[in-house]
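Take a look at the structure set out below.
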Amino acid sequence: MSRKPLIAGNWKMNKTPAESVVLSQGISNRYSRKWNKVDVVLCPPTIDLRSVFTVLDFDKSNIDVGAQNCHWEPSGAFTGETSIPMLKDVGAAWCIVGHSERRDYFGETDSMVNKKVRALAESSFNAIVCVGESLAVRDAGDAVRFVCDQVRAALAGLDAHEAEYCTIAYEPIWAIGTGRTATPEQAEEIAAAIRATVADLVGEQSAANMRVLYGGSMKPENADGFMACPNIDGGLIGGASLKVEDFCELVEIASAYAD
Ligand code: PGA
């Protein structure tokens, strides 16, 4: 089963709308036909989505736009939140869900993550569902169980068709923004366990089709190690996605692993 590599940039709370035009234009300028072998997604702050979409759409560069969060209700009294129809309207087709920073700093629970994942699938919107253990959990030898529980909670209630809209990003919390990465062996162990859990939930075929990404200080220097793992299909890139050179190099590296 061949899965198309996916490289997604998570800009986090960086870049004003004006700055987002410069960064997305810089990336789009480097677009080449080779990139068609990879799904490339830029996830800027919500307020930048329209500008980034406009740049990419004008350039016809085949790069998608994604949000970093959404609410599960289509509209209503939820001050400060953004709905999926709003994200669609500004051209987004992807949404990161359950990033560890949202879980840790904004109290996002497994149940909220599940509501978002289900709402996205019902709207035919692609979800990048983040899971990952803390250092304490890893040191206790509990990483596989912890991450697989997060996957079960996030995908609860989804059928095989809805699961097609999901990508899982394994992001060990201790590797995010720290410069410290998991080894490819550690990442592959968890990625394989994630795939087995998905098979258990929605069937072998869906599990074989679902992309599993690695995230956590992934950069051009270490990307080959992860891309070569049989169960890893790309990366969710934080820091390196803010640098045109690094992000484009990551896309090129991933293209070498496409069929
Ligand atoms: P990082 O972030 O690449 O800066 O470690 C990854 C992420 O948080 O998605």
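The values are calculated or read from the model by the stated rules, or taken from the named source; none is laboratory data. Please read all numbers here as calculations on a predicted model, not as lab measurements. Heads up, the Cβs are rebuilt from the backbone with ideal geometry, glycines too, and the neighbour counts pull from every protein chain shown.
Residue check, ALA127 against (1) away from the ligand (no atom under 15 Å from the Cβ); (2) farther than 19 Å from SER217 by Cα; (3) crowded, with 22+ Cβ neighbours inside 10 Å, all met but one. Which one?
With (1) away from the ligand (no atom under 15 Å from the Cβ); (2) farther than 19 Å from SER217 by Cα; (3) crowded, with 22+ Cβ neighbours inside 10 Å applied to ALA127, the lone miss is (1).
How about the stretch 218-232: which of its residues are part of a loop (DSSP other than H, G, I, E, B), out of contact with any Pro (no Cβ under 6 Å at 6 or more places or on another chain) and more than 15 Å from ASN10 (Cα to Cα)?
If the condition is that a residue be part of a loop (DSSP other than H, G, I, E, B), out of contact with any Pro (no Cβ under 6 Å at 6 or more places or on another chain) and more than 15 Å from ASN10 (Cα to Cα), then ALA228, PRO230, ASN231, ILE232 are the ones that fit.
Collect the residues in the stretch 88-115 that are buried (at least 22 other Cβ atoms within 10 Å of the Cβ) and closer than 18 Å to GLU162 by Cβ, keeping them in residue-number order.
Of everything in the stretch 88-115, those that are buried (at least 22 other Cβ atoms within 10 Å of the Cβ) and closer than 18 Å to GLU162 by Cβ turn out to be TRP94, CYS95, ILE96, VAL97, GLY98, VAL113.
GLY157 fails exactly one of the following numbered conditions: (1) within 16 Å of the ligand (Cβ to nearest atom); (2) more than 17 Å from the chain's Cα centre (by Cα); (3) not in a helix (DSSP H, G or I). What is the number of that condition?
(1)
LEU42 - would you say it is assigned to a helix (DSSP H, G or I), of a type in the set (A, V, I, L, M, F, W, C) and under 30 Å from LYS115 (Cβ atoms)?
In short, no.
Does LYS15 qualify as being at pLDDT 95 or above, at positive phi, basic (Lys, Arg) and surrounded by 15 or more Cβ atoms within 10 Å (Cβ to Cβ)?
Yes: the conditions hold for LYS15.
Considering each residue of the stretch 138-150, count those that are crowded, with 18+ Cβ neighbours inside 10 Å and free of Cβ contacts under 8 Å to residues at least 12 places away in the same chain, and give that number.
Matching residues across the stretch 138-150 total 0.
Could you list, in sequence order, the residues of the stretch 160-217 that are within 11 Å of the ligand (Cβ to nearest atom), assigned to a helix (DSSP H, G or I) and not β-branched (Val, Ile, Thr)?
TRP174, ALA175
When the residues of the stretch 12-39 are narrowed to those that are farther than 14 Å from ASP64 by Cβ and in a loop (DSSP other than H, G, I, E, B), which ends up nearest to the ligand (Cβ to nearest atom)?
Pass one, the stretch 12-39, residues farther than 14 Å from ASP64 by Cβ: 12-23, 25-26, 29-30, 32-34, 37.
Add one more test, that the residue is in a loop (DSSP other than H, G, I, E, B), and what stays is 12-16, 30, 32.
Working: LYS12: 7, MET13: 12, ASN14: 10, LYS15: 14, THR16: 19, ARG30: 19, SER32: 24 Å.
Per the criteria, the residue is LYS12.
Between a first residue in the stretch 175-193 that is surrounded by fewer than 18 Cβ atoms within 10 Å (Cβ to Cβ) and a second residue that is of a type in the set (Phe, Trp, Tyr), which pairs have beta carbons less than 7 Å apart while being 6 or more apart in sequence or on different chains?
Pairs that qualify, where the first residue is surrounded by fewer than 18 Cβ atoms within 10 Å (Cβ to Cβ) and the partner is of a type in the set (Phe, Trp, Tyr), are ARG180/TRP174.
Considering the stretch 18-33 alone, what residues qualify as being modelled with pLDDT of 95 or more and exposed (fewer than 15 other Cβ atoms within 10 Å of the Cβ)?
ALA18, VAL22, ASN29
Any idea which of ALA163, ALA153, ALA140, ALA169 is under 24 Å from ASN10 (Cα atoms) and out of contact with any Leu (no Cβ under 9 Å at 6 or more places or on another chain)?
Testing whether each residue is under 24 Å from ASN10 (Cα atoms) and out of contact with any Leu (no Cβ under 9 Å at 6 or more places or on another chain) leaves just ALA153.
Evaluate the stretch 160-177: report whether one residue or more is under 21 Å from SER100 (Cβ atoms), at pLDDT below 95 and not hydrophobic (A, V, I, L, M, F, W, C).
yes
Can ALA256 be described as crowded, with 19+ Cβ neighbours inside 10 Å and either within 18 Å of VAL38 (Cβ to Cβ) or among the small types (Gly, Ala, Ser) (or both)?
No: the conditions fail for ALA256.
Restricting to the stretch 218-237, name every residue that is within 12 Å of the ligand (Cβ to nearest atom) and farther than 24 Å from ALA67 by Cα.
ASN222, PHE226
Need pairs with beta-carbon distance below 7 Å; first residue of a type in the set (Phe, Trp, Tyr) and within the stretch 216-243, second within 14 Å of the ligand (Cβ to nearest atom) and modelled with pLDDT of 95 or more; sequence gap 6+ or separate chains.
PHE226/ALA187; PHE226/TYR214; PHE226/MET218; PHE226/GLY235
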